[in-house]
Amino acid sequence: MRINTRFAVAVHLMALLALLEQQGKDAGSELLAASVGTNPVVIRQMMTCLKKAGLITTRSGLPGGRLAKVQEEISLLDIYKAVQKEEDASLFDFHPNPNPKCFVGANIQGALEAPMEEAQAALEKVLEAYSLKDITAYIIEKTYL
């Protein structure tokens with residue numbers, strides 16, 4: 001099982017927008033889609049999520065978007081929360097029908113609750129510690145070595 005790719009795609013988009021913005025360039029959904037390797041419709045849907053979260057601004061009739069904040073003020077957690085659907089908000093979920101008559105089935109959710117919550121908190125703490133600037137700095141360093 002894997003966590004969905006929305007987060008990685010969103011970070012990719014945000015990094016590309018940030019780096020193009022530094023060069024004074026705009027990026028339409030076609031360019032963004034070509035970089036990510038997906039359909040422009042997927043990019044527009046992702047941009048809508050990022051806009052609703054206040055991470056980017058878009059202008060009617062103009063391509064792409066711009067960061068709504070400086071890169072240092074956008075954490076990876078901000079991006080993660082912007083694009084995760086409600087049903088995917090947690091890393092883990094319980095299987096829906098454990099047998100309440102089984103001694104394991106009756107207790108498995110309670111036994112897993114604390115470790116799952118701690119893992120989610122750890123993920124969020126790490127994502128909060130990194131900014132979009134950390135990502136773009138890495139890309140710049142690797143690009144211009």
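The values are calculated or read from the model by the stated rules, or taken from the named source; none is laboratory data. Predicted model only: the values in this text are computed from it and were never measured. Here the Cβ positions follow ideal geometry from the backbone for every residue, glycine too, while neighbour counts run over all protein chains shown.
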*Could you say whether any residue in the range 34-47 is basic (Lys, Arg) and within 17 Å of Glu128 (Cα to Cα)?*
no
_Return the pair list, or none, for Cβ contacts closer than 6 Å from residues in the range 119-139 that are under 11 Å from Glu72 (Cα atoms) to residues that are modelled with pLDDT of 95 or more and loosely packed, with under 15 Cβ neighbours inside 10 Å, at least 6 apart or on different chains._
Ser131/Glu72; Lys133/Glu72
*Within the range 52-91, track down each residue that is modelled with pLDDT of 80 or more, within 14 Å of Glu124 (Cβ to Cβ) and not small (Gly, Ala, Ser).*
Leu76, Leu77, Asp78, Ile79, Tyr80, Lys81, Gln84
*How many residues are loosely packed, with under 14 Cβ neighbours inside 10 Å and of a type in the set (Lys, Arg) if we restrict to the range 128-143?*
1
*Would you mention how many residues in the range 70-85 are over 11 Å from the mean Cα position of the chain (by Cα) and surrounded by 16 or more Cβ atoms within 10 Å (Cβ to Cβ)?*
2
*Please indicate, with yes or no, whether at least one residue in the range 55-69 is within 16 Å of the chain's Cα centre (by Cα) and either of a type in the set (S, T, N, Q) or part of a helix (DSSP H, G or I) (or both).*
no
_Any residue in the range 92-105 that is under 25 Å from Ala119 (Cα atoms) and free of Cβ contacts under 8 Å to residues at least 60 places away in the same chain sitting within a Cβ distance under 9 Å of a residue that is of a type in the set (Val, Ile, Thr) and loosely packed, with under 10 Cβ neighbours inside 10 Å? List the pairs, counting only those 6 or more apart or interchain._
Pro98/Val104
*Just checking, how many residues over the range 27-48 are surrounded by fewer than 19 Cβ atoms within 10 Å (Cβ to Cβ) and in contact (Cβ under 8 Å) with a residue 40 or more places away in the chain?*
0
*So which of Leu16, Leu20 ends up being at pLDDT 95 or above, over 25 Å from Glu117 (Cα atoms) and aliphatic (A, V, I, L, M)?*
Leu16
*Can you pull out the residues in the range 26-56 that are within 17 Å of Lys69 (Cα to Cα) and of a type in the set (D, E, K, R)?*
Asp26, Lys51, Lys52
